[in-house]
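The values are calculated or read from the model by the stated rules, or taken from the named source; none is laboratory data. Computed from a prediction, not measured in an experiment: that's the story for all the values here. A quick note on method: Cβ atoms are made from the backbone with ideal geometry, for glycine too, and the neighbour counts reach across all protein chains shown.
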Amino acid sequence: MDKKTIIVFSNDLDRAMAAMIIARGAAAMGSEVTLFFTFWGLNLLRKPEAVPVQKTLLERMFGWMMPRGAGKVSLSKMHMGGMGTAMMQHVMKTKQVPSLNEMIEEAQAFGVKFIACTMSMDVMGIKPEELIDGVEYGGVATYLGTADEATVNLFI
Amino acid sequence: MDKKTIIVFSNDLDRAMAAMIIARGAAAMGSEVTLFFTFWGLNLLRKPEAVPVQKTLLERMFGWMMPRGAGKVSLSKMHMGGMGTAMMQHVMKTKQVPSLNEMIEEAQAFGVKFIACTMSMDVMGIKPEELIDGVEYGGVATYLGTADEATVNLFI
Amino acid sequence: MDKKTIIVFSNDLDRAMAAMIIARGAAAMGSEVTLFFTFWGLNLLRKPEAVPVQKTLLERMFGWMMPRGAGKVSLSKMHMGGMGTAMMQHVMKTKQVPSLNEMIEEAQAFGVKFIACTMSMDVMGIKPEELIDGVEYGGVATYLGTADEATVNLFI
């Protein structure tokens, strides 16, 4: 079965949707898809509720400043204080396009593998308990091992 | 003939130029190049003039807020209310670098295939009549089918 | 030895770090890695000090407006007038993650090839004397020739 990887670096709503649409599509067509969530992209995997974990003050501040989960992210353009993002989400709903949260659930249901970058987690102070279920952990070596065997590798 | 694909997600002037320079170059060297225009990237394909089509109010609003064609797009950095973008365009002209519109025409002349993402068109309310000539239509399956056989796949 | 290429288009601190972490990692695992620095990415290669070169007024203005070297770049998000970027750099230091400048030196020490895009240099008015040592020069044909033979090609 052919392989595909995507580095999900961004937590912009639009870029995250692009990553999920490609991942879901490829998995549905029989590919073995691995998503590597790194830097801002890690925020897409955060549980929507606060999880009680030990953090330094700086780690806590990072946590506050970044969106908690895929339900909280914004468009990279035309966000307009939230109006543009809300408009886009409204339109998607009326056109029966799944929400980003639903796309993530569907991707997992299709067998897309989610790997969280442990180095970014360490820098940003994000703990495994704060992430949604079904996430594995790895670093750049994990990524490179998979990407070497894949036919499509994207950085989003 | 080897294949290359680029997902043109962005409508930033600088990123769009990068995509076109790679696409033109690869086509000139004998590659079969396919560009998939999705999300903001679709705006690069819009005709510069208003096209009378039926739209909902929201679709009309999206249309107003987004740049109409490659002649209207801005740098991702240093746009500075238009001054930076104008400076860059001026410098490109004096250095005989083609404009983005000319690069797009040259890419088409070199046989680069342009595919507009139908799902994004639907969400953004962009109609086929609003796009420049020579554009084909497709979705994620079209992309994946081509990317699987390509030696280079980029997301810009 | 398998090959990997990354187009380093951005000069955001976060994206540049991602590029360097992948490049260093791949080179350490035995890959032949080539980084193509283009557009804003060229700024990562600028020497931190002013270099006396002949420039037009516009070239000089571009030079002033863009960051001079990897020590001067900012996060793409949460920069917050410098506070977010400083926080991130502080955290990286306490977690013993190398700085971007150190990552660049390590990548070069591991044999990662750095190629500066001559067309971007021309447009932005950046002269070879202004760039750090160990950089080669090339254009889109150089990139495509290497990317065609590579197993992983990213655009960051």
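Across segment B:124-156, the qualifying residues are those that are of a type in the set (A, V, I, L, M) and surrounded by fewer than 19 Cβ atoms within 10 Å (Cβ to Cβ), and the one among them that is farthest from the other protein chains (Cβ to nearest Cβ) is B:I132. Contact map, segment A:26-41: first residue among the hydroxyl-bearing types (S, T, Y), second residue part of a loop (DSSP other than H, G, I, E, B) and buried (at least 24 other Cβ atoms within 10 Å of the Cβ), Cβ cut-off under 6 Å, separation 6 or more or different chains; pairs are A:T38/A:F9.
Residues of segment A:82-124 being among the small types (G, A, S) and at pLDDT 95 or above, which ones? Within segment A:82-124, A:S99, A:A107, A:A109, A:G111, A:A116, A:S120 meet the criteria. Residue check: C:K77 meets all listed conditions (1) over 25 Å from B:Q89 (Cβ atoms); (2) away from chain B (no Cβ under 14 Å) but one, namely (2). Scanning segment C:48-71 for residues that are surrounded by fewer than 16 Cβ atoms within 10 Å (Cβ to Cβ) and of a type in the set (K, R) returns C:K55, C:R60.
Per the listing C:M92, C:M88, the residue uniquely crowded, with 16+ Cβ neighbours inside 10 Å, in contact (Cβ under 8 Å) with a residue 60 or more places away in the chain and over 28 Å from B:A19 (Cβ atoms) is C:M88. Among the residues making up segment C:16-32, none is facing chain A (nearest Cβ under 10 Å) and of a type in the set (D, E).
Of all the criteria given as (1) surrounded by 15 or more Cβ atoms within 10 Å (Cβ to Cβ); (2) free of Cβ contacts under 8 Å to residues at least 60 places away in the same chain; (3) among the acidic types (D, E), the one not satisfied by B:E106 is (2). The residues of segment A:68-81 that are at pLDDT below 90 and either outside any loop (DSSP other than H, G, I, E, B) or of a type in the set (A, V, I, L, M, F, W, C) (or both), listed by number, are A:M78, A:M80, A:G81.
Which of the following residues is of a type in the set (A, V, I, L, M, F, W, C), within 14 Å of chain B (Cβ to nearest Cβ), surrounded by 15 or more Cβ atoms within 10 Å (Cβ to Cβ) and closer than 17 Å to A:D133 by Cβ: A:L13, A:L45, A:L35? It would help to see each step written out before you state the result.
Working: A:L13 fails: closer than 17 Å to A:D133 by Cβ; A:L45 fails: within 14 Å of chain B (Cβ to nearest Cβ).
On inspection, the qualifying residue turns out to be A:L35.
Taking each residue of segment A:56-83 that is polar (S, T, N, Q) and looking for partners that are assigned to a helix (DSSP H, G or I) and surrounded by 17 or more Cβ atoms within 10 Å (Cβ to Cβ) with beta-carbon atoms closer than 7 Å, six or more apart or interchain, yields A:S74/A:L13; A:S74/A:T85; A:S76/A:D14; A:S76/A:R15. Scanning segment A:48-72 for residues that are within 27 Å of A:P98 (Cβ to Cβ) and within 11 Å of chain C (Cβ to nearest Cβ) returns A:M66, A:P67. Of all residues in segment A:109-134, those satisfying the criterion of being in contact with a Lys or Arg (Cβ under 9 Å, 6 or more places away or on another chain), of a type in the set (V, I, T) and in contact (Cβ under 8 Å) with a residue 40 or more places away in the chain are A:V112, A:I126, A:I132. Taking the criterion of being out of contact with any strand residue (DSSP E or B) (no Cβ under 9 Å at 6 or more places or on another chain) and within 16 Å of A:A18 (Cβ to Cβ), the residues of segment A:50-81 that qualify are A:V73, A:S74, A:L75, A:S76, A:K77, A:M78. When residues in segment A:82-117 are screened for being part of a helix (DSSP H, G or I) and touching a strand residue (DSSP E or B) at 6+ places or on another chain (Cβ under 9 Å), 3 of them pass.
Taken together, the residues in segment B:45-63 that are closer than 25 Å to B:L13 by Cα and in a helix (DSSP H, G or I) amount to 6.
Please state which one of C:V135, C:V152 is aliphatic (A, V, I, L, M) and within 23 Å of B:M17 (Cα to Cα).
On the way: C:V135 fails: within 23 Å of B:M17 (Cα to Cα).
Among C:V135, C:V152, only C:V152 is aliphatic (A, V, I, L, M) and within 23 Å of B:M17 (Cα to Cα).
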